[in-house]
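**Q** Can you read through this structure? Questions will come right after.
The values are calculated or read from the model by the stated rules, or taken from the named source; none is laboratory data. Since this is a predicted model, take the numbers as computed values, not measurements. As a convention, Cβ positions derive from the backbone with ideal geometry for all residues, glycine included, and neighbour counts pool all protein chains shown. These area figures cover heavy atoms from the full protein model, side chains too; ligands, DNA and RNA do not enter into them. Shrake-Rupley method; radii C 1.70, N 1.55, O 1.52, S 1.80 Å.
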Amino acid sequence: MILIVTDTTRRDHIGAYGNDWIQTPNLDKLAAASLRFTRAVPEAMPTVPARRSIHSGMRTFPFRNWVKRSGNESGVWGWQHIPDDQPTLAELLSAGGYTTILVSDNPHTFKPSMNFARGFKSLQWIRGQEGDDYMPPWLADDRLIDRYLYQDAGGEELTSKGENLLLANELRQYLANNADRVREEDYLCAKVFRTAARMLESTPPDQPFFMSIDSFDPHEPWDAPRHYADLYDPDYADPEPVSPRYGKSDYLTQRQLKRMRALYAGELTMVDRWIGYFMRQAEQLGLLENTLVIMTSDHGMALGEHGALGKPSFALWPEMTDTPFFIRHPDGKRAGEAMDYFASTHDIAPTILSFVGIEPETRFDGVDLMPTLDGKMPSDSRDHFTSGMNNYVWVSDRQYTMISKNDGSDAKLYDIVADPDQQNDIAADNPDIVEQMFALVLEDAGGEPLPSYG
């Protein structure tokens, strides 16, 4: 089995989901060979909660087993390690005789307080993403710093505020970590998928394997080789807005925002290229003939559509919540078809174990999605789904989507049939529907009050 997780990947930026301006030929090819889910949403966000549910098959919403630790970010947003009493997918597969391999450049899952490598016999950590303290910061090229840092729409230096000074320092660390890049093959996402391809070549031919590939890209900073962004915005000459300031987008000019969208699109196209490289290697080795492939992401990214930028917890609109989810069966079951089931991150473990015939001793919160490949519904029909991030919650059925704080206040309600882009908030005129939708949140969360985080 192969599991591919890419960070910060918007569903509406992939051709297979209807995008007509961003080049994603390899993801489109994978989708054409897969059952594609059109209502997939992570069961909780952001990075660590989503991956915790991927590897455990258990819900974290509303950040279950949360423990506040003063001065430690693991007490924020539900960023907790996998509980010791929850077996991981890799542990169960390893016990079942599978070679288990993790290839990743995601810095958060390798922090000392985390334990996401549980059960993997081979661990390949590609270092250098984001603020990873990997190389000395003075290795950063100041010419790149000048090229990447810019003024806001009012002319104020972004580094003059504390939050932006932190952003600049993180960018400097990132550039130092990657100071030796010469070719595209030296970029971190290329290293991840090239390493994964080499690991495929070395897996024992007489032993089944499970490979988890976790690419931090297309997470910011969006600094793919310039020709990628120029595919979508060829005439930009100013400093590059490669990292957003989370919150409102109005600190950028419309020209800067257009370039930021092109930078993100370019980063996704680069990731797509290296996914294609990996999949071609797997095909040439003959592995796709009997290998299940699942691809998904942990969340999306706001790029100004609702006046928000980055991943602020209040911005749980489609650009943040809607993620890709493909299941490619080796027999081609339902290849190229779409399904509007609320598939989610915690369904991955039970689905993979079902495919290989391993019965776990403990019950999962997620459901087995294998029946969907035979045209059937999973055991849980899911007429609605809930998710959340920090102190905000999200709930949707096939008529309405509601976003609110986790005490029910500041609610926004959208009729997603009439208004799929969620531009018209109808909460004020429909308090009864708001109340009904929040009741679904409380039901899935195990009662009230919901805890407050951070």
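**Q** Taking the Cα centroid of segment 412-449 and of segment 358-376, what is the distance between the two, rounded to the nearest whole Å?
**A** With segment 412-449 and segment 358-376 each reduced to a Cα centre, they are spaced 29 Å.
**Q** Sorted by packing (mean other beta-carbon atoms within 10 Å per residue), highest first, where do 399-406, 261-268, 371-378 land? Each step should come with its number before you reach the end.
**A** Values: 399-406: 21.6, 261-268: 25.0, 371-378: 14.8.
For the peptides 399-406, 261-268, 371-378, the packing ranking is 261-268, 399-406, 371-378.
**Q** Let me ask you something else. I'm checking a number: the convex hull volume of the Cα atoms of segment 296-454, normalised per residue, in Å³. What is it?
**A** Values: hull volume 22.3 nm³, N = 159.
Convex hull volume per residue, Cα atoms: 140 Å³.
**Q** If you don't mind, another one. Would you work out which of Leu303, Thr195, Thr345 lies farthest towards the positive end of the dipole of the chain? Charges go on Cβ: Lys and Arg +1, Asp and Glu -1.
**A** Thr195
**Q** How much of the accessible area of the chain, probe 1.4 Å, is carbon plus sulfur, in whole percent? Please list the in-between numbers first.
**A** Working: 8550 of 17920 Å².
Whole-percent figure for carbon plus sulfur exposure: 48.
**Q** Counting heavy atoms of the protein chains only and a 1.4 Å probe, report the per residue accessible area for the chain as a whole number of Å².
**A** Working: 17920 Å² over 454 residues.
Result: 39 Å² per residue.
**Q** Which pairs break 24 Å Cα to Cα here: Lys121/Lys191; Lys29/Lys311; Lys376/Lys405?
**A** Lys29/Lys311; Lys376/Lys405
**Q** Express the relative contact order of the chain as a whole percentage, based on alpha carbon pairs under 8 Å and six or more residues apart in sequence.
**A** Working: 926 pairs, mean separation 111.9, N = 454.
So the answer I get is 25 percent.
**Q** Continuing with the same structure: As a test of the definition: which semi-axes, in Å, follow for the chain when you take the square root of five times each eigenvalue of its alpha carbon gyration tensor? Largest first, please. Present the calculation step by step, with values, prior to reporting the outcome.
**A** Numbers: eigenvalues 189, 166, 94 Å².
Sorted largest first and rounded, they come to 31, 29, 22 Å.
**Q** Want the number for Glu170 to Glu337: 0.36 nm per residue separation, take away the alpha-carbon distance, what's left? Present the calculation step by step, with values, prior to reporting the outcome.
**A** Working: separation 167, 0.36 × 167 = 60.12 nm, distance 4.17 nm.
In short, 55.9 nm is gained.
**Q** For segment 324-416, restrict the atom set to alpha-carbon positions and state the Rg and Dmax in Å.
**A** 15.8, 48
**Q** While we're looking at this one, here's another question. In terms of the Cα gyration tensor, with a ≥ b ≥ c the square roots of its eigenvalues, is segment 167-322 rounded because a/c is under 1.5, prolate because a/b exceeds b/c, or oblate?
**A** Prolate, since a/c reaches 1.5 and a/b exceeds b/c.
**Q** 222 nm [θ] for the chain, helices only, -39500 (n - 2.57) per DSSP H run of 4+, per residue, to 500? Spell out each step's value before the answer.
**A** Values: 11 runs with 127 residues, N = 454.
Result for the chain: -8500 deg cm²/dmol, rounded to the nearest 500.
**Q** Suppose every Lys and Arg Cβ carries +1 and every Asp and Glu Cβ carries -1, with no other charges. What dipole size does segment 344-406 come out with about its Cα centre, to the nearest 20 debye? Present the calculation step by step, with values, prior to reporting the outcome.
**A** Values: 5 positive and 9 negative charges, 63 e Å.
Magnitude of the dipole: close to 300 debye.
**Q** Along each of its three principal axes, how wide is the spread of alpha-carbon positions in segment 244-330, in whole angstrom units, largest first?
**A** That works out to 51, 23, 14 Å along the principal axes.
**Q** Need one number: % antiparallel among DSSP beta bridges in the chain, to the nearest 5. Don't skip to the answer; put the middle values down first.
**A** On the way: 25 of 47 bridges.
In the chain, approximately 55 percent of DSSP beta bridges are antiparallel ones.
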